[in-house]
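Remarks on the structure that follows.
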Amino acid sequence: MLKRLLALLVLPVATLFVIAGCSTTPAPSSNGDDDKTSQSDEGDDDESEAPAEGELADPGTRVGEGEWLTHSFTSTDDGEALISAQLVSVEPATDEEAAFIVAAFDAGKLDGYDFWLIHVDEKKESGDSIAFDSDYAYFDVVDEDGTQVQGITLIGWDGCPSESFSEEFDTAGAVITQCFIAAAKDGDNEPAGVSYGGGYEDDNPYEDKPLLFIKG
């Protein structure tokens, strides 16, 4: 069972920082608690071809960079929309970016870690207004096997923003870019992409078989 470690820090710019713990036994939880799990068995991935853009992706579908997968999204006021996502890039953090990440936490908390910035585009396909909602918390950073790795969330950092859905995003075809931070020590599996485990609805189809967006 994955435990989420929270490190809350208010800087002069009133920025909130959260570090998420990782585990080798993933699978997204639907109970809404801080405990989370994610899909880890690559052998369970759906090896069928990715659906046409705009069609709902089957649970467990895996794609590489630049390939869109579509999922349904339920907003906090029960609005329904279709959203597509694609992996854009997985890049090591620069020395300056890494220094900023380390400085955001108590001394020593991130000693020995290297960092990656993972960018994901999201596109509104159709459906109800979902402005000011978000689904970036439903994404986890993973290695090439789809196993969750250490993730770090820095809310309010312009260098790697995770965005709520804007009013402009309600227009069909509108795109926003999300950024996720992954971390690994020497000997750990290298971050390679993200998984999408869906929300906390009872009928979430991706709870046990998340969508996988992995470079390669």
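Quick look at the values:
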read-out: Average Cα contact separation per residue, the stretch 99-190, under 8 Å, 6 or more apart, as relative contact order %; value: 42 percent
read-out: Relative contact order of the stretch 137-216, pairs being alpha-carbon contacts under 8 Å that are 6 or more residues apart, as %; value: 37 percent
read-out: Note, ³J(HN,Hα) from phi for the stretch 147-161, Karplus 6.51, -1.76, 1.60, rounded to Hz, x at Gly and Pro; value: 8, 5, 10, 4, x, 10, 10, 10, 7, x, 8, 5, x, 7, x
read-out: Antiparallel DSSP beta bridges within the stretch 84-216, as percent of all bridges there, nearest 5; value: 100 percent
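Bear in mind that the values in this text are calculations on the coordinates, not laboratory data. None of these values were measured; they are calculated from a predicted model.
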